[in-house]
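Worksheet: the structure to be examined is printed underneath.
The values are calculated or read from the model by the stated rules, or taken from the named source; none is laboratory data. It should be emphasised that the depicted structure is a prediction, and the values quoted were computed from it without experimental measurement. Cβ placement follows ideal geometry from the backbone for every residue including glycine, while neighbour counts extend to all protein chains displayed. Calculation scope for accessible area: heavy atoms of the full protein, side chains included, ligands and nucleic acids excluded. Shrake-Rupley method; radii C 1.70, N 1.55, O 1.52, S 1.80 Å.
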Amino acid sequence: AHTPKSAKVLVDTLIDLYPGREFVFVIAMAKDKDVGSFLAEVARANPKKVVCTSADEHSRSCHQDEILKSAQALGLPAVAAADFQEARALAKAKEGDNALLVYTGSFRTVATFLKQSPVRQQNA
């Protein structure tokens, strides 16, 4: 998901498929996206944590501190990570041990996840 509309669909789907489950979101976005409205949709999932990062050093990426500022303005429990490896570590930290990890915000976020992580099917 990388727009408020697609974030709404994502959150609705997560809530429907995983009722009562905690979520940790790892979010990186392009500068031209509506970060605040996107995060407002994410907030409906009542995330345990939101990890804000940049998908890469690409000039189109929104800096993680900008995403963090928007997340904190919405009252989300958010932290910033300088790169994807740190973001993944923060997402898996104590608060996220039993939570479902959701990588979203841009196609680059998902591409980076697929490049750097073994993909596993999870039965909920």
A73 passes all but one of the listed conditions (1) under 14 Å from the mean Cα position of the chain (by Cα); (2) open to solvent by 70 Å² or more (accessible area, probe 1.4 Å); (3) of a type outside the set (D, E, K, R); the exception is number (1)
Out of the residues in region 1-49 meeting the condition of being under 12 Å from A99 (Cβ atoms) and open to solvent by 60 Å² or more (accessible area, probe 1.4 Å), tell me which one is farthest from the chain's Cα centre (by Cα). G20
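So, restricting to strands (runs of 3 or more DSSP E) that lie completely within region 13-89, which ones have at least 1 residues that are under 16 Å from A111 (Cβ atoms) and among the hydrophobic types (A, V, I, L, M, F, W, C)?
In region 13-89, the matching strands (runs of 3 or more DSSP E) lie at 23-27.
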Residue satisfying all of: in region 1-11; touching a residue at least 24 places away in the same chain (Cβ under 8 Å), in a helix (DSSP H, G or I) and not small (G, A, S); nearest to Q64 (Cα to Cα) among these: P4
In the set G105, G96, the lone residue that is at pLDDT below 90, on the phi > 0 side of the Ramachandran plot and either under 13 Å from the mean Cα position of the chain (by Cα) or among the polar types (S, T, N, Q) (or both) is G105
Hey, S70 among the small types (G, A, S) and farther than 14 Å from A1 by Cα or not: yes
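What number of residues within region 53-69 are open to solvent by less than 60 Å² (accessible area, probe 1.4 Å) and at pLDDT below 90?
Counting residues in region 53-69 that are open to solvent by less than 60 Å² (accessible area, probe 1.4 Å) and at pLDDT below 90 gives 5.
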Is at least one residue of region 70-81 under 14 Å from L39 (Cα atoms) and at pLDDT below 85? no
